[in-house]
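Read the structure below first, then the notes.
The values are calculated or read from the model by the stated rules, or taken from the named source; none is laboratory data. Small disclaimer: the values here were computed from a predicted structure and weren't measured. Every residue, glycine as well, gets a Cβ built from its backbone with ideal geometry; the counts of neighbours run over all protein chains shown.
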Amino acid sequence: MMLTPAGRLDAKPALLTLGSVALAVALVSVSSGAYPLSVADILRVIAGKEAADPVASMVFLEVRMPRFLLGFLVGAVLAVCGAVLQGLFRNPLADPGLIGVSAGASLAAIAVIVLGNTWLGGWLALTGDWALPIAAFIGGSLTVLLAWRIANRSGQTAVATLLLAGIAINAVAGAGTGLLTFYASDEELRSLTFWTMGSLGHAGWDDLVLGAPFMVLALVLAPWLARPLDAFLLGESVVGHLGYRTDTVKKVAIVVVGLGVGAAVAVSGLIGFVGLVVPHLVRQALGASHRIVLPFSALLGGTLLVAADSLARVVVAPAELPIGLMMALIGGPFFLALLLRTRVM
Amino acid sequence: MRSQLAGILLAVAMVWPGVCAAADIRLVTADGAITEIVYRLGLESLLVGVDTTSGFPEAIAALPKVGYLRALPFEGVLALQPDMLITSEQAAPQKNLERLSKAGVQVEILPSAWSSEASLHRVQTVGGLLGKEAEARALVADLQARIDTLHRSAEARGYRPKVLFVLAAGNHSVMLAGKNTAAEALLDEVNADIAFADLEGYKPASREAILASQPDAIVIAESVPGQFNIDNWPELQLLDAWKSGHRLQADSMLLLGFGPRLVDAMAAVNEVLPGRQGVANR
């Protein structure tokens with residue numbers, strides 16, 4: 001079902017449409033929230049007028065802007081990582097959450113929080129402010145590698161094995177997280193709560209500084225994978241015949257997913273389903289070529305996450321829903337529909 | 001006596017708004033115990049929002065809730081346009097508190113109060129922040145007198161009973177309190193010890209450990225009244241302390257909040273402690 005020979009929509013008008021939607025969502029996102037901020041206020045802040053209310057300017061510049069950028073980046077990266085994994089495993093169900101990459105990254109991050117003062121003190125001294133994102137990156141990469149090793153037998157990806165391995169990896173990582181939670185002090189528990197549900201509620205420029213380099217690197221590396229991943233669709237043996245080095249392609253893919261998911265988890269906690277739903281939507285509308293799927297996934301993923309986050313912060317105002325919860329609410333039913341369709345076909 | 005005093009304070013505050021005027025500000029509190037203090041000082045009209053741990057008294061239920069105090073939203077709090085946010089050390093994330101303060105909200109973070117002394121000090125601090133020093137002093141004096149009486153009565157018992165303290169935050173999440181908890185601090189106020197002194201913090205309950213503990217009394221703190229169902233915990237019913245009625249089931253915010261109701265919590269716990277050693281254990 002991934003080998004749709006021709007796209008159903010033309011790429012150019014689709015790009016134009018999606019681009020305008022993304023722009024509209026961006027505008028809605030920066031102008032919606034519990035604090036009333038009109039478009040006029042925002043324009044005044046952007047124009048740098050002194051007349052602007054200082055609180056309005058702070059809400060816009062220090063809260064909504066970094067939150068919007070971080071949300072877009074995280075959504076884009078998760079969607080691209082989902083597309084890369086689905087291409088690599090030749091399976092539309094491969095998703096950073098399902099095969100355990102997110103859980104691996106978050107386990108590593110939680111280990112840094114809970115054990116940072118004791119066993120992992122050396123790690124903290126070595127990496128400083130970067131301890132969390134680097135640990136999450138290593139955790140994510142190791143999990144991709146593990147899933148890959150388990151699911152691959154002599155060049156064939158056993159899909160059932162992959163998904164079952166994902167369940168096992170998720171269970172083990174979940175148990176590790178649970179164990180750390182058990183030993184965590186009250187203080188540490190506080191910082192753990194947001195990992196499990198995912199949140200952009202604290203997002204600031206410092207999170208961007210920390211996470212953006214990793215995520216941007218993943219997004220920059222990803223296009224290089226587009227043609228080899230197209231070759232993967234024809235079977236792993238074909239990749240070599242078409243002149244790509246299979247091993248290198250796999251390694252780059254693993255690094256991209258490790259970097260992207262690791263950094264996304266490090267700054268926003270666990271946000272599921274973006275990586276599953278978005279590439280799938282893109283493939284259905286525009287065909288399976290990764291030269292189309294990767295950039296469109298980035299755009300659609302970012303837009304979707306920003307839209308969900310805007311919703312999450314107004315539906316129960318003045319409180320906020322965790323964004324991970326919001327995405328699961330949207331993604332869960334979609335996943336079920338996906339399963340039913342696959343069964344019919 | 002206590003309610004009379006509160007009534008007088010309330011009446012005075014209503015009759016002479018000019019004289020007693022606490023600054024006419026918009027106030028958000030994020031911590032159930034602090035909300036209770038504001039209410040006891042008769043200042044609930046200042047409140048424009050509270051967090052989800054603020055559930056007492058019921059009169060505040062209609063106020064906008066800004067979420068859990070450990071996950072305070074920046075915009076959500078700011079949208080209520082408060083002049084002041086009073087919260088405790090438990091508040092998080094730190095970044096949002098800093099942003100609120102930067103946006104012109106006076107953010108007051110009070111230390112956790114895990115003793116009667118600190119609890120009363122917090123009443124005085126809140127009174128000071130809201131321009132009600134005299135009222136706060138009167139309330140503190142009243143509470144202090146009652147606490148002293150309870151301290152004397154607890155001392156007179158002549159030994160420190162061992163109390164099994166259970167925290168029920170849902171039927172399937174039943175935790176035992178260990179050392180370095182508010183539960184231990186509360187028991188200390190009534191001259192009693194926690195049964196699981198080896199345990200650090202709150203840990204999931206082991207049924208066998210409950211059976212082996214043989215406490216002098218049992219205290220069950222529920223986060224929602226009536227939440228703990230004893231039928232799911234037959235082990236507790238096998239304990240002598242349970243059979244002999246040395247047990248208490250009460251709201252966790254009352255027992256562990258260390259707010260103005262601390263004295264009521266102390267009285268309730270003190271009441272179920274056996275007067276002589278070994279009464280509960282045959």
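Please go through (1) out of contact with any Asp or Glu (no Cβ under 6 Å at 6 or more places or on another chain); (2) more than 14 Å from A:V144 (Cβ to Cβ); (3) assigned to a helix (DSSP H, G or I) for A:P92 and return the number of the only condition it doesn't satisfy.
Of the numbered conditions (1) out of contact with any Asp or Glu (no Cβ under 6 Å at 6 or more places or on another chain); (2) more than 14 Å from A:V144 (Cβ to Cβ); (3) assigned to a helix (DSSP H, G or I), the odd one out for A:P92 is (3).
Quick check: anything in segment A:277-284 assigned to a loop (DSSP other than H, G, I, E, B) and either at pLDDT below 85 or of a type outside the set (K, R) (or both)?
No, the conditions are met nowhere in segment A:277-284.
Residues checked against (1) surrounded by 21 or more Cβ atoms within 10 Å (Cβ to Cβ); (2) closer than 20 Å to A:V261 by Cβ; (3) more than 14 Å from chain B (Cβ to nearest Cβ):
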| residue | (1), (2), (3) |
| --- | --- |
| A:L300 | yes, yes, yes |
| A:L305 | yes, yes, yes |
| A:E320 | yes, no, no |
| A:L336 | no, no, yes |
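Of everything in segment A:13-67, what is in a loop (DSSP other than H, G, I, E, B) and among the aromatic types (F, W, Y)? Give them in sequence order.
Scanning segment A:13-67 gives a single hit, A:Y35.
So which residues in segment B:67-111 are in a loop (DSSP other than H, G, I, E, B), touching a residue at least 24 places away in the same chain (Cβ under 8 Å) and more than 10 Å from every other protein chain (Cβ to nearest Cβ), if there are any at all?
Across segment B:67-111, the qualifying residues are B:P82, B:D83.
Can you tell me which of (1) more than 14 Å from chain A (Cβ to nearest Cβ); (2) of a type outside the set (F, W, Y); (3) without any contact (Cβ under 8 Å) to a residue 60 or more places away in the chain is the one B:S252 doesn't meet?
Status for B:S252: all satisfied but (3).
Give segment A:32-81 a look and list any residue that's within 29 Å of A:V257 (Cα to Cα), within 14 Å of another protein chain (Cβ to nearest Cβ) and of a type in the set (F, W, Y), or say none.
A:F68
Of all residues in segment B:209-262, which are part of a loop (DSSP other than H, G, I, E, B) and surrounded by fewer than 20 Cβ atoms within 10 Å (Cβ to Cβ)?
If the condition is that a residue be part of a loop (DSSP other than H, G, I, E, B) and surrounded by fewer than 20 Cβ atoms within 10 Å (Cβ to Cβ), then B:Q214, B:S223, B:V224, B:P225, B:G226, B:Q227, B:N229, B:W233, B:S244, B:G245 are the ones that fit.
Closer than 24 Å to B:P260 by Cβ and assigned by TED's automatic domain parsing to the domain that holds B:L255, is that true of B:A169?
So B:A169 passes the test.
Could you say whether any residue in segment A:169-180 is more than 20 Å from A:K250 (Cβ to Cβ), at pLDDT below 85 and assigned to a helix (DSSP H, G or I)?
Taking every residue of segment A:169-180 in turn, none turns out to be more than 20 Å from A:K250 (Cβ to Cβ), at pLDDT below 85 and assigned to a helix (DSSP H, G or I).
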